[in-house]
Amino acid sequence: MLSVNNISVHFTGTYIFDEVSFLINDRDRIGLVGKNGAGKTTLLNVIAGEMEPEKGSIASPSGQSIGFLKQEMNPNSPRSVLDEAKLAFAEMLALDKQVKKLTDELAERTDFHSQDYLKLITKLNDCHERFDLLGGQNIEENVEKVLGGLGFERKDFTRPLTEFSSGWQMRVELAKILLRKPDIILLDEPTNHLDIESIQWLEDFLVSYPGAVVLVSHDRAFLDNVTNRTIEITLGKIYDYKASYSEYELLQAQRREKELSGFNNQQREIDQIERFIERFRYKNTKSKQVQSRIKKLGKMDRIEIEDVDGSAIRFRFPPSPHSGKVTVEAQHLSKSYGSKLVLKDLVFEITKGEKIAFVGRNGEGKTTLSKVIVGDLPYDGILKLGHQVSIGYYAQNQFEMLDVEKTVFQTIDDVASGEWRTKVRGLLGSFLFSGEDIEKKVKILSGGEKARLSLAKLLLNPVNMLVLDEPTNHLDMRSKDILKNALLQYDGTLIIVSHDRDFLSGLTEKVFEFRNKTIKEYIGDVTDFLEARKLQHLNELEKKKMAAGSLLRMDAPSQNKMDYERRKQAEREQRKVKSRIEKSEENISEMEQKIAEIDKKLSHPELYKADFKSGGDLYQAYEKLKKQLETEMGAWEKLHAELEQLINQTE
């Protein structure tokens, strides 16, 4: 457990946090949310101990460990992927080295009965025991599992880390944190450098992780699948919800409605008091009443509400110019970078008006094919664009192609033509650039502002095919929703590369999966694709089991009957254990709720004075509940092990 106690941090005279307090419990899954600049990353830095709060403190048990993945890092290691990941096991590796050293020393000695020899043996045994206790025997296995889950292939393990892009190097940093198994994991935008498969693997890992997880993300699906608690940062305060992100959005709307009602009532009262003061300020007969109301205003605890940010990208793509029925046609298309083959013998057709998602692991060729289609890369084979096809292209690094010395207005005005010449300011306003913002130079814009400016340029020339490569990078959730709505209304052909499942859901009608240098088509959106991939994976497992089982299968009817009876008995036993697990989980949930209630009281004793009158009773109940929870968790784990054993017996 980690306690954040009345911390305050301010920048440029404004408090980011003002006496904020909350607890991070042992198995919490917390999503930090708030407007850009609200202080989410700052709070992670404070919790990680990389920034000192101006007031307050962070308290945690002695020896508690924290792993922190920052949003931007610059790893530059000369090691291989495998060796760098193994650094997570620094203590184990040191112990292994010590064991080898002690073993060599013993091999050279002959004074078998001396005290020094016995001390060496004792030291060697201690090192062995500690090594085994930490799980040193499974280092290789654990490293391979995590690296594989994050998208690395076995052939990548021995490659120098410097051969990989910064995104892949960030994956190794993430792997090191996961392998280290700290008590608390802090993640700042962890999905930025991951593909869909790796994100799903990370979700599964974090859901079952034995420690606490605190994360910042603009990926709604990721937050919903991982978190069970949401902390909103607003106006220097926090609001703590025991809910996932989508549930939080509903609860937040209800809270704001109440706050707005209270704010409006208070404003009416203030207006009445101020009118009275102004009216009777100079009348002696009313001086006491005036002074009374002035004091009342001074003592009033003013309700503050955060302005609801109504600003979001507002636009629609212009109607698509006419084109032929076939938009793109490829025959035996291949692409290599030197000796490295990326795409091999692709055959596909994209027809007018289709909306297609390109998905797959990073490095499988999604961006490469996008660049081939728009004419930015040479290739082998045949690629034909349909009659009168005009393309609008948004690259992953599109904002890097902007002229940094131009202003926002010049960037658009220089390429605007026709009716857009008189609508430049209106267009920029739709993308949240107004007033002095339009005179800012591109070089001082944030990543999100550059992304919006690049999207604005797409509207200047009506096109009948859009190719968008990760367009949601740097966009907040509201802007992503507006962009998605505009794309749903777009009447041209759409090709979109993205790892954001929530953004893709319902947007496309076909999926191209990139795998092993080729593509496979799936009908439906990304949700249908993920279900199909899951089913396909299960079918492959079933085939393997059947193939293995066929070697052992006996043809005798009596044997089949015996197998059937054993299977039915095993299923009955499984149902019993599952029932006990459900009961155990109910107990755990009830105890965690009681502990959370006491945590709240201990964090705010001034609000629960009555509960502290009985001396140490509250603390005793707290400790008793913690012990009961620990016991119940142990029983729950044993039941799961028993269930797993029963399942294995039937396979």
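Residue-wise test of (1) touching a Cys at 6+ places or on another chain (Cβ under 7 Å); (2) in a helix (DSSP H, G or I); (3) open to solvent by 70 Å² or more (accessible area, probe 1.4 Å); (4) closer than 30 Å to Arg361 by Cα.
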site	(1), (2), (3), (4)
Ala88	no, yes, no, yes
Leu93	no, yes, no, no
Lys97	no, yes, yes, no
Asp104	no, yes, yes, no
Thr110	no, no, yes, no
Lys123	no, yes, yes, no
His128	no, yes, yes, no
Ile139	no, yes, no, yes
Gly148	no, yes, no, yes
Practice prompt. Please enumerate the residues belonging to segment 217-244 that are open to solvent by less than 30 Å² (accessible area, probe 1.4 Å) and either part of a helix (DSSP H, G or I) or among the aliphatic types (A, V, I, L, M) (or both).
Written response: Ala221, Phe222, Leu223, Val226, Ile231, Ile233, Ala243
Worksheet item: Within segment 347-369, how many residues turn out to be open to solvent by less than 60 Å² (accessible area, probe 1.4 Å), more than 22 Å from Leu530 (Cα to Cα) and not β-branched (Val, Ile, Thr)?
Response: 1
Worksheet entry | Qualifying residue in segment 308-319 (condition: assigned to a helix (DSSP H, G or I), open to solvent by less than 60 Å² (accessible area, probe 1.4 Å) and modelled with pLDDT of 75 or more) | no
Worksheet entry | Conditions (1) under 24 Å from the mean Cα position of the chain (by Cα); (2) at pLDDT 80 or above; number of the one not met by Leu488 | (1)
Item to complete: Output the strands (runs of 3 or more DSSP E) that fall wholly within segment 472-523 and possess 3 or more residues being at negative phi and without any contact (Cβ under 8 Å) to a residue 40 or more places away in the chain, or say none.
Response: 518-523
Worksheet item: Of the residues in segment 405-459, how many are on the phi > 0 side of the Ramachandran plot and not in a loop (DSSP other than H, G, I, E, B)?
Response: 2
Worksheet entry | Per-region count, segment 382-429, residues of a type in the set (Lys, Arg), open to solvent by less than 80 Å² (accessible area, probe 1.4 Å) and at pLDDT below 85 | 0
Fill in: Residues that are small (Gly, Ala, Ser) and in contact with a helix residue (DSSP H, G or I) (Cβ under 7 Å, 6 or more places away or on another chain), drawn from segment 132-186
Gly136, Gly149, Gly151, Gly167, Ala175
Practice prompt. Consider Ser57 carefully, then state whether it is loosely packed, with under 14 Cβ neighbours inside 10 Å and out of contact with any helix residue (DSSP H, G or I) (no Cβ under 7 Å at 6 or more places or on another chain).
Written response: yes
Discussion item. Would you confirm whether or not segment 452-468 contains a residue that is closer than 20 Å to Ala221 by Cβ, in contact (Cβ under 8 Å) with a residue 24 or more places away in the chain and open to solvent by less than 60 Å² (accessible area, probe 1.4 Å)?
Written reply: yes
Discussion item. Consider segment 19-73. How many of its residues are within 19 Å of Thr230 (Cα to Cα), part of a strand (DSSP E or B) and over 17 Å from the mean Cα position of the chain (by Cα)?
Written reply: 6
Worksheet item: Tell me, which strands (runs of 3 or more DSSP E) wholly within segment 333-393 include 2 or more residues that are within 29 Å of Ser505 (Cβ to Cβ) and touching a Phe, Trp or Tyr at 6+ places or on another chain (Cβ under 6 Å)?
Response: 355-360
Worksheet item: In segment 61-76, what count of residues is obtained for those that are without any contact (Cβ under 8 Å) to a residue 60 or more places away in the chain and closer than 19 Å to Pro182 by Cα?
Response: 2
Practice prompt. Mind listing whichever residues of segment 1-31 are at pLDDT below 90, in contact with a Ser or Thr (Cβ under 9 Å, 6 or more places away or on another chain) and not β-branched (Val, Ile, Thr)?
Written response: Met1, Phe11, Tyr15, Phe17, Asp18, Glu19
Worksheet item: When residues of segment 199-216 are filtered for being of a type outside the set (A, V, I, L, M) and buried (at least 22 other Cβ atoms within 10 Å of the Cβ), how many remain?
Response: 0
Item to complete: Would you tally the residues in segment 507-537 being open to solvent by 50 Å² or more (accessible area, probe 1.4 Å), of a type outside the set (A, V, I, L, M, F, W, C) and at pLDDT 90 or above?
Response: 7
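The values are calculated or read from the model by the stated rules, or taken from the named source; none is laboratory data. The structure presented is a predicted model; accordingly, all values stated were derived computationally and were not measured. Ideal geometry is used to build each Cβ from the backbone, glycine not excepted, and the neighbour counts take in all protein chains shown. Areas reflect the complete protein model, heavy atoms only, side chains present, ligands, DNA and RNA absent. Shrake-Rupley method; radii C 1.70, N 1.55, O 1.52, S 1.80 Å.
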